[in-house]
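Visitor: Have a look at the structure that comes next, please.
The numbers here are math on the coordinates, done by the rules we state, and not lab data. A quick note: this is a predicted structure, and the numbers were derived from the prediction, not measured. Neighbour counts are summed over all protein chains in view; Cβ atoms, including those assigned to glycine, are modelled from backbone coordinates with ideal geometry.
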Amino acid sequence: MMCAVSNRYPWNQLLADKTKFSFCTLNVKAMRGRSSEVVEMLTRRIADLCCIQESRGRGGSVRMVSGKDSIYKLFWVGKTDGNGGVGILLKEI
């Protein structure tokens, strides 16, 4: 069985465009008061996703964090006593 493929766009170029994705990990020691600084660093490093450790947020939630040139969505979860905690920063397009 043959599949109809358009010759309009080369497949290798389509795959190359869809696979440009960068991520990093970061130990922040405390996210309070540093969220804009972290977003600015991620913007300079052109990171689309960042996993953070030791965010020290209580409970869990989602919020938008904005920097000078970009906006990230922060998902985090932490212990009730404020120790530890992890989060994910995802760049808004």
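Visitor: Count, please, the residues in segment 52-92 that happen to be assigned to a strand (DSSP E or B) and not hydrophobic (A, V, I, L, M, F, W, C).
Guide: Count: 9.
Visitor: Across segment 20-45, what is the number of residues that are surrounded by fewer than 14 Cβ atoms within 10 Å (Cβ to Cβ), aliphatic (A, V, I, L, M) and in contact with a strand residue (DSSP E or B) (Cβ under 9 Å, 6 or more places away or on another chain)?
Guide: Count: 0.
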